Structures are given as C-alpha cells and as structure tokens.
1. Can you flag which of LYS210/LYS244; LYS173/LYS244; LYS23/LYS59; LYS15/LYS76 are past 20 Å Cα-Cα?
2. How many nm is it between the label spots at VAL29 and GLU92, if each spot is 7 Å from the Cα in line with the beta carbon?
3. Is the C-alpha gyration tensor of the stretch 64-112 telling us rounded, prolate or oblate? Criteria: a/c under 1.5 is rounded; beyond that, a/b larger than b/c is prolate, otherwise oblate.
4. Would you mind telling me the share, in percent, of accessible area of the stretch 18-171 contributed by carbon and sulfur at probe 1.4 angstrom?
5. On a 0 to 90° scale, report how tilted helix 230-240 is relative to the longest principal axis of the chain, with both axes built from alpha carbons and the result rounded to the nearest 10.
6. Please give the per residue accessible area of the chain, computed with a probe of 1.4 Å over protein heavy atoms only, in Å².
7. Helix 206-221 against the longest principal axis of the chain: what's the angle in degrees, Cα atoms only, rounded to the nearest 10?
8. Quick check: from the Cα gyration tensor, does the chain come out rounded (a/c under 1.5), prolate or oblate?
Amino acid sequence: MSRSAIHPTAVVSPKARVAPDVKIGPYAVIEPDCEIESGCEIGPHAVIHAHVKLAAGVKVGAHAVLGGEPQDLGFKGGPTGLEIGANTRIREGVTMHRASTEERPTRVGSDCYFMAYTHIAHDCQVGNGVILTQSAIVAGHCEIGDGVILGGLAGVHQFVRIGPKAMIGGLSKVTRDVLPYALVNGSPALHYRLNAVGLRRAGLSGEPYKALEAAFRAARAGEAVVGDTPEVQVFRAFLEAPSKRRISGFVRGEVEFEF
C-alpha cells in the first residue's frame, strides 16, 4: 500500500488488506481483517469495520460507516461479514451493517448507488445496479433485486422481498413484498402498475412488454400468471417463492400518479 495515497491522519490497521492504489482520506479508520481492492476510495472520517470486503472501484463518501455490528438483539458476536461489489458508490453518511450470523454475509452488488444517509441493515441481500435515494432505509433480512430504485425517505420492513427493476416511490412504507418490474407507492405501499419508465430504459417493449402487462393484470385479479417470456418467468417465480411478508396489495381503479 502506497503511503502517498493515505492521508497522514488516517488510522489504518496493519492487519487490513488494502491494495496499493487505494486512496484513504483524512481521519478515516480502517480496522483489521478488511479487504479493500484496487481502485477504491475512502472519504474523510469514513469507518470501515472489521470483516468488510470492498471489491474493486468502490467509492466511499465522508462519514460513511460500513460493517458495524447488526442492530439485532439476538446477535451473539463473532466475525460476521459485509461484502460490497465492484464500482458501487456510497455517499456521505451511509451505514451498512454486517450479518447477524457467520453463515452468510450481508451482500451488496456491483454498480449500485447509495445516496446520502441511506441504510442497509444486517443480513440483507442487495442485487446489482440498485439505487437508494436520499435517506431511504432497508431493514434486516431483506432481498432487493437487480435494478431496484428506492425513492427518497422510503422505508422497507424486515424480511421484505423486492423484485428486480421495481420502483418504490419516495416516502413509501413498504411492509410487504414488491413484485418484479412494478411501481409501488404510499403508506402502506401498494402496486400501481408496471415500472414503465424503467422497463423502457431497459429496452423492454412490444410483445414482451404486453406479456408482462398481462401477467401483472392476472396477479392483481388473483388469477394464474401464464406466458413464457423471460420477464414473465421471473414474475411468476417471484409469486411462487416462499414469502414471510406476503405480496403488497394493488390500487383499484384508475388513479393518477406521477413521480
């Protein structure tokens, strides 16, 4: 590790495994048994606790705290972990906690963006390309699919599953599972329709989009979901998978709603 890349006020444990080109800002703290790969940047006053793994290119903002003990009254201690994927951006004041057991670490995927003061709790499994907008928070044991976006100040209850490419409106209270490709909003959060903007940006249109619309209508009506497009298969598998929180309800009738 090059000392020129480390501010002289930073405290870096000699037992931390830090790539030579990692940049570490003023007053940052890097505890033992961390792994920080090439191209990472750690901002001023950030804290990287023990048993955290940062893949290549992760950017950590000022005052972020990664790998703190789980806020779980049942936690018995031990070297539980937090793993963060490549090129994820973590802005100022973000907190992420390590797992409550050694069986599986808290995991965050690659190419995610966590805006200021967002939170990922213990034992969460977060996919790739996920965005948490300012002050959105996710409680323990949640599963967040690839490409999910949480609006500002949204809150997600523990054990909730959110399917890939779903969009959660700002200030939403998410107490039940959110279907893949869906748009939810409110307190409690309800399904409005498909995440049309997100799906268009992902290149989904034409017959595949119509098949997914039909699947969404069937789920809203309590009917069987049919179809064999890749998106419908993901949608149906999510519905059939075990759930501790059940599926969020649906808005009935025509409701005007815009982000």
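The values are calculated or read from the model by the stated rules, or taken from the named source; none is laboratory data. All values reported here derive from a predicted model rather than from experimental measurement. We place every Cβ from the backbone using ideal geometry, glycine too, and count neighbours over all the protein chains shown. Keep in mind that these areas ignore ligands, DNA and RNA; they rest on the heavy atoms of the full protein, side chains included. Shrake-Rupley method; radii C 1.70, N 1.55, O 1.52, S 1.80 Å.
1. Details: LYS210/LYS244 30 Å; LYS173/LYS244 17 Å; LYS23/LYS59 10 Å; LYS15/LYS76 24 Å.
Table pairs above 20 Å Cα-Cα are LYS210/LYS244; LYS15/LYS76.
2. Calculated label separation equals 2.0 nm.
3. It is oblate, given that a/c is not under 1.5 and a/b is not larger than b/c.
4. The nonpolar share, carbon plus sulfur, comes to 53 percent.
5. 90 degrees
6. 47 Å²
7. The two axes meet at around 80 degrees.
8. Note, shape of the chain comes out prolate.
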